[in-house]
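Let me begin by presenting the structure, written as structure tokens, before commenting on it.
The values are calculated or read from the model by the stated rules, or taken from the named source; none is laboratory data. Source: prediction; values computed, not measured. Virtual Cβ from ideal backbone geometry, glycine too; neighbours counted across all protein chains shown. Only protein heavy atoms, including side chains, enter the accessible area calculation; ligands, DNA and RNA are left aside. Shrake-Rupley method; radii C 1.70, N 1.55, O 1.52, S 1.80 Å.
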Amino acid sequence: MKNDEIETMAGSGLCSDWSELIQECLINIFSRLTLEQRWRGPMLVCKSWLSACKEPSLNTAFDLDYRFNSRIESSRWWIPDFEMKMDCMLRSVVDWSDASLTEIRTRHCSDSSVNFVAERCPNLLVLSIRSCPNVTDASMFQIAVRCTKLREIDISYCYEISRESLVMIGRNCPNLKVLKRNFLNWLDPSQLVGIIPDEYMNACPENGDEEAAAIAEFMPNLNHLELRFSKLTGKGLFTICEACLNIEFFDLSGCANLASRDIANAASSLKNLKQMKKSNFYVPRSVMHTERYGHWRLYDERFQTDVFRI
């Protein structure tokens, strides 16, 4: 049914009771709303509207990332009750999608809902689950085995996910082009104090080069790679650049163990590289003591920061 036909029906009084609109009309109308708008409005009106919101064609994507990006990080996002809400919403959409869900972008879910995704979403192409302290290798293994069509995965700030998950995903998802494995700013955690639990902030994985080796060996077809605030060294970076020759976008912001020359030398083998974000990061004066760095110019050159420049 076309848009003008729907408007004619409504204007002519043929459907004075909106709850009696046929499903086709409701689905057409609700398709213009975001996921959040449907959850806050139509789903709460009546059974027929709720039924229309469960239409699989309206549930091919679960995208809440824009809501997280538009707000300042909140401490309440890190509590169990919030995680339960995210799990509930994700499981519902997965169930309604009838295996048609192809894109998931959310945060603060758990192994429970991710396992449910693995079981019910064989056509999944995008999985972005940043900041999930309770997503582990267990659910990632299920994703790797069951969601083999994956093209993009974002497991940034998920510290219970290890190198083994990268190996499994790389082995089983040959179409993977985008990997985002960023870490919290462990160099200056001051902005996150009181928001993110201290024990989680201090749990930043130390095996940057091991993860780099896994990426190089099992994800050679990547064209987009993000490793912000990773602890990899020049050795790990060279390993990636020698194997992943198709990289076009590479983000190494905040990688404090990388010297400028390491980045320049390693990147020289990436002939398709279009954009490289280097290890520029801000070191606040409050946490730096210039007396410890007699050769501050060398430090400044290595990390490419303007902190000491006058």
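Things to note:
- Label sites at residue 148 and residue 71, each approximated as a point 7 angstrom past Cα along Cα to Cβ, lie 3.9 nm apart.
- Each peptide in 107-113, 187-193 receives the mean, over its residues, of other Cβ atoms within 10 Å, and ordering these scores from highest gives 107-113, 187-193.
- Counting only protein chain heavy atoms and rolling a 1.4 Å probe, the accessible areas of 156, 260 rank, largest first, as 260, 156.
- Between region 122-163 and region 190-231, the alpha-carbon center distance in angstrom: 14 Å
- In this rough spin-label picture, where each label sits 7 Å from Cα along the Cβ direction, the residue 34-residue 134 distance is 2.6 nm.
- Length gained when the stretch residue 50-residue 246 is fully extended (0.36 nm per residue, less Cα-Cα span): 66.0 nm
- On a per residue basis, region 103-178 carries 34 Å² of accessible surface, using protein heavy atoms and a 1.4 Å probe.
- Extending 7 Å from Cα along the Cβ direction at residue 88 and again at residue 257 yields two label points whose distance is 4.2 nm.
- Cα gyration tensor shape for region 60-190, rounded if a/c is under 1.5, else prolate or oblate: oblate
- Amide H within-cut-off set for residue 128, under 5 Å, with H built and near neighbours excluded: 104, 105, 106, 154
- A simple rule links phi to the HN-Hα coupling: the Karplus curve 6.51 cos²θ - 1.76 cosθ + 1.60 with θ = phi - 60°, which for region 256-265 gives 5, 8, 9, 7, 4, 5, 4, 5, 4, 5 Hz, with x for Gly and Pro.
- If R0 is 30 Å, the Cβ-Cβ spacing of residue 233 and residue 193 corresponds to a FRET efficiency of close to 0.60.
- Shape call, region 96-173: gyration tensor on alpha carbons, a/c limit 1.5: oblate
- Extension gain from residue 112 to residue 81, taking 0.36 nm per residue of separation minus the Cα-Cα distance: 9.8 nm
- Solvent-accessible area of region 136-287 (1.4 angstrom probe, protein heavy atoms only): carbon and sulfur portion equals 47 percent.
- From phi via Karplus (6.51, -1.76, 1.60), per-residue ³J(HN,Hα) for region 193-200 in Hz, x at Gly/Pro: 5, x, 10, 8, x, 4, 5, 6
- Computed from the C-beta positions of residue 271 and residue 24, the FRET efficiency with R₀ = 51 Å rounds to 0.50.
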